[in-house]
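Only one structure is covered here, and it is reproduced in the block below.
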């Protein structure tokens, strides 16, 4: 039942031309106006008045239809002015036909609409114009200046309370709408977070790539440049003085060894170094979350001002109303002043009270003082002073206590007045009091609800913003770590293998110097060519290029095997199945890196005479196997079984990361019959 009511309320709120409280006030005033005329028996019994009553009811119904279905807030300014003028004309005509008591509040509802639609520079003159039309209608209907003054005094206090309550409500409504819009925008951004995070990841990876290219990549290239200079110097000196070739080749090997050590240091920095990258700040999400939430529906300074303005206005108006109905004698003034003093004391006590029970006592004291004033003066408009009590309970009491107070207090007041002064209360008077109470209390209560909704919306937006920032930071950290791991893998697997090959060629050149200088120079020249390829490899790694595809994988593997045959005293056999063209670039590069790592580990950690490389393809997997016939001095199975890699074993760690990323796996370890095997299996569907 409650959920159905909430859905109905939300439906009405979405389609209503005005905010819910204002729409309710306007609708209530228009619905109650014909009812307030039903009790006017004498006019209805006169000839022709019944027809006028029904004509008035039809005009008020047309007015109600306009306010329910015309989207006033969406109209242009001139159309809004015309729309409210039409309402004033309809109200004036209906009042001229049949002057029901509640037409005062119909005019007030038009003023509240103007307050919602216009800025103060236009709203104030418009409100003055509406008051002039209403006053003219009162003068025409009563033909008495005294009645006109009494009508103005009677309407002044409820109109003041209603305008202030509507202003408070509209302020909270606008702020709540802004908070809801902010929450919707944040929710939309949160819903599209996955796409945004991918953009963040790419951007952070690119920035980290550029930063590392200026630091570690430059240092590695500087080491390669020194090796290049040493090889060039060795070749130049060898052409002039072959006797110094052996010394120069040894120096070149030292330079190449330094490059290898610098590469190892760079890889260690990438793998375990501290994250010294600058904090990334990208304009992906910008959220304006407000500061501390308001503690009250009204901020403290306006609340203190209104706390004293309203009782002063009521006392002043009630005194004027009394003087217009009674001569200023001591029998009237002295009891009235005593009741004013009692009202102020109860009011101050209520302002100071913090305990709910003491607060209820203060409100009851104010209620009794206002009722006593009405009974003493026999002036019905003074009962509207109960709006002062209603103002306080609407702002300070919980909803349950408000409902209890509103059901108990009017009943007690009505019974008291009916017993002591029966002529004071009639049907029209009760209806006027009820409409005046709803006109003020409704917007205040809904303003409190808007405040709660705004707090919840701002809290949810703050939580979403915090979660977005947290996930952005996590993605940034992961992107930086992934980019560093990528550089570490590529440097180790590609550049590391090339440097090992160059080192072996330089070692072979050093061994051949004594036997054949020409062969040594040939090895130096080949080392220089491989060094140029290493240069290009560093640039490709920095740019995150994939150097291989399925169609070029076989040729690259043949070239690597040929380089190994020319650079080392070992035999390398290569067998590759057909169907490489179907492999994706990522799978092709991973297979090639596995071959580089397996061959390089055999050179570094063992002394094999035979290395066998085999690439097998079936319908679901590609399997890369590298086997040598000599066990390594420093076995590599430890990092594979324990998951932790000691210093110098980052190649196996990098291969495992590559295989895991593609849904595959690797195995490495000694064979029972002797030798060592590295095997990687990758699913072919990873290519898609």
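The values are calculated or read from the model by the stated rules, or taken from the named source; none is laboratory data. What you see is a predicted model, and the numbers here were worked out from it, not measured in a lab. Quick reminder, even Gly has a Cβ in these numbers, built from the backbone with ideal geometry, and neighbours come from all protein chains shown.
For region 340-360, the tally of residues that are more than 22 Å from residue 316 (Cβ to Cβ) and surrounded by 14 or more Cβ atoms within 10 Å (Cβ to Cβ) stands at 3.
Of all residues in region 619-658, those that are modelled with pLDDT of 85 or more and surrounded by fewer than 14 Cβ atoms within 10 Å (Cβ to Cβ) total 0.
Could you check how many residues of region 1-35 are modelled with pLDDT of 85 or more and more than 16 Å from residue 443 (Cβ to Cβ)? Final tally of qualifying residues: 6. With respect to the conditions (1) out of contact with any strand residue (DSSP E or B) (no Cβ under 7 Å at 6 or more places or on another chain); (2) surrounded by 16 or more Cβ atoms within 10 Å (Cβ to Cβ); (3) more than 29 Å from residue 683 (Cβ to Cβ), residue 608 falls short on a single one, namely (1). Looking only at region 668-685, which residues are over 46 Å from the mean Cα position of the chain (by Cα), part of a strand (DSSP E or B) and surrounded by fewer than 19 Cβ atoms within 10 Å (Cβ to Cβ)? Listed by number, the residues that qualify are 669, 670, 677, 679. Could you list all residues from region 76-101 that are at pLDDT 90 or above and in a loop (DSSP other than H, G, I, E, B)? Across region 76-101, the qualifying residue is only 76. The selection criterion, being out of contact with any helix residue (DSSP H, G or I) (no Cβ under 7 Å at 6 or more places or on another chain), crowded, with 16+ Cβ neighbours inside 10 Å, in a helix (DSSP H, G or I) and modelled with pLDDT of 85 or more, holds for residue 131.
Return yes or no: is residue 417 over 27 Å from residue 302 (Cα atoms), modelled with pLDDT under 65 and surrounded by 19 or more Cβ atoms within 10 Å (Cβ to Cβ)?
Working: over 27 Å from residue 302 (Cα atoms): yes; modelled with pLDDT under 65: yes; surrounded by 19 or more Cβ atoms within 10 Å (Cβ to Cβ): yes.
Answer is yes for this residue.
Residues in region 63-86 that are closer than 13 Å to residue 26 by Cα, surrounded by 14 or more Cβ atoms within 10 Å (Cβ to Cβ) and either without any contact (Cβ under 8 Å) to a residue 40 or more places away in the chain or touching a strand residue (DSSP E or B) at 6+ places or on another chain (Cβ under 6 Å) (or both): 64, 66.
Whenever a residue of region 663-688 is modelled with pLDDT of 80 or more, it has no partner that is surrounded by fewer than 12 Cβ atoms within 10 Å (Cβ to Cβ) and assigned to a helix (DSSP H, G or I) lying with C-beta atoms less than 6 angstrom away and at least six residues away or across chains. The set of residues from region 21-31 being under 14 Å from residue 59 (Cα atoms) and surrounded by 21 or more Cβ atoms within 10 Å (Cβ to Cβ) comprises 29, 30.
Is it true that some residue in region 171-183 is modelled with pLDDT under 90 and farther than 30 Å from residue 111 by Cα?
Narrowing region 171-183 to residues modelled with pLDDT under 90: 171-183.
Now drop any that are not farther than 30 Å from residue 111 by Cα, which leaves 182-183.
Yes.
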